[in-house]
Amino acid sequence: MLEDWNNVSFIIFIEVVPNTGTFLYNYVTFKNVDLQENIYIICRTLAPERCVFGIMMDVSAFLGIATVYVRYKQVEALLDDEVKLQRLNCFGLVLGWMSSFGMCVVANFQKTTLFSMHMVGAVLTFGVGALYILVQTLLSHYMQPHIHSKTTFVVRLTILVWTLGSIISSILNFPLPGYVPHMVSTVSEWFLAFSFISFFLTYIRDFQVVVPATDLNLKIYPPLTPCPKTQQQ
């Protein structure tokens with residue numbers, strides 16, 4: 001648990017809660033569903049589950065936008081003289097915001113309402129989101145060992161492989177008939193969702209050295225050191 005709330009790492013906890021809660025709520029509350037059905041998809045299409053799903057996904061999307069921006073500002077401050085990495089960082093910001101916007105599209109255009117838009121949102125969320133994870137993993141590689149430890153890079157690389165493997169597995173098995181391909185596709189979707197949650201959890205250590213200033217800018221303290229406590233006015 002955090003020692004205090006003076007840094008912005010609490011954003012990660014606030015974001016993970018609705019994300020995790022969305023999937024757990026859908027799984028626990030949807031009763032009498034055949035195991036062959038994809039509960040994750042069903043709860044995006046039927047009321048009242050889809051209503052709760054939409055609300056929590058919208059909240060997660062806005063928190064995702066905030067998380068991506070904080071990460072962008074942190075890397076920008078730490079790599080002030082690296083032009084190429086700054087461009088990669090800007091590219092990551094765009095990808096992260098596109099992925100977060102995709103969550104809103106998925107939440108508000110259910111599969112049974114407008115399938116084409118729902119699929120666009122899914123591609124933005126998971127496809128573009130996977131590219132965002134790739135960009136951040138590359139940045140972590142270039143930032144080690146002075147800013148990031150090798151362990152951080154390895155963990156993010158592992159999650160990247162996990163994410164790409166889940167996407168490939170889901171795409172390959174989704175159109176195939178039969179029980180086994182359907183279950184593999186279903187499990188792959190759940191794995192994909194939790195890989196994104198796991199990746200954002202890796203930001204906790206980084207965000208513990210970022211505190212909001214009184215002018216609403218972000219102050220970046222030396223990496224891997226605790227940020228000073230706010231002095232009493």
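The values are calculated or read from the model by the stated rules, or taken from the named source; none is laboratory data. What you see is a predicted model; the values in this text were computed from it and never measured. Ideal geometry is used to build each Cβ from the backbone, glycine not excepted, and the neighbour counts take in all protein chains shown. In case anyone asks, the SASA skips ligands and DNA or RNA and just uses the protein heavy atoms, side chains included. Shrake-Rupley method; radii C 1.70, N 1.55, O 1.52, S 1.80 Å.
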Please find, within segment 110-143, the residue that is farthest from residue 95 (Cα to Cα) out of those that are assigned to a helix (DSSP H, G or I) and out of contact with any helix residue (DSSP H, G or I) (no Cβ under 8 Å at 6 or more places or on another chain). 115
Could you please find all residues in segment 99-110 being of a type outside the set (S, T, N, Q) and surrounded by 18 or more Cβ atoms within 10 Å (Cβ to Cβ)? 102, 103, 104, 105, 106, 107, 109
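Mind checking which residues of segment 190-205 are closer than 16 Å to residue 139 by Cα, open to solvent by 10 Å² or more (accessible area, probe 1.4 Å) and in a helix (DSSP H, G or I)?
Answer for segment 190-205, where residues must be closer than 16 Å to residue 139 by Cα, open to solvent by 10 Å² or more (accessible area, probe 1.4 Å) and in a helix (DSSP H, G or I): 200, 205.
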Collect the residues in segment 170-179 that are in a helix (DSSP H, G or I) and either in contact with a Gly (Cβ under 7 Å, 6 or more places away or on another chain) or surrounded by fewer than 18 Cβ atoms within 10 Å (Cβ to Cβ) (or both), keeping them in residue-number order. 171, 172, 179
Quick check: anything in segment 67-74 assigned to a helix (DSSP H, G or I), of a type in the set (A, V, I, L, M) and closer than 17 Å to residue 16 by Cα? yes
Please pick out the residue among 89, 7, 32 that is modelled with pLDDT under 65 and closer than 30 Å to residue 146 by Cβ. 7
Return a yes/no flag: does segment 94-109 have any residue that is touching a residue at least 24 places away in the same chain (Cβ under 8 Å), assigned to a helix (DSSP H, G or I) and over 19 Å from residue 193 (Cα atoms). no
Identify the residue in segment 54-75 that is touching a helix residue (DSSP H, G or I) at 6+ places or on another chain (Cβ under 6 Å) and under 18 Å from residue 144 (Cα atoms) and, among all such residues, is least open to solvent (accessible area, probe 1.4 Å). 75
Residue list for segment 153-176, filter: at pLDDT below 90 and out of contact with any helix residue (DSSP H, G or I) (no Cβ under 6 Å at 6 or more places or on another chain): 171, 172, 175, 176
Every residue from segment 111-121 that is buried (at least 19 other Cβ atoms within 10 Å of the Cβ) and either of a type in the set (Gly, Ala, Ser) or closer than 20 Å to residue 63 by Cα (or both): 121
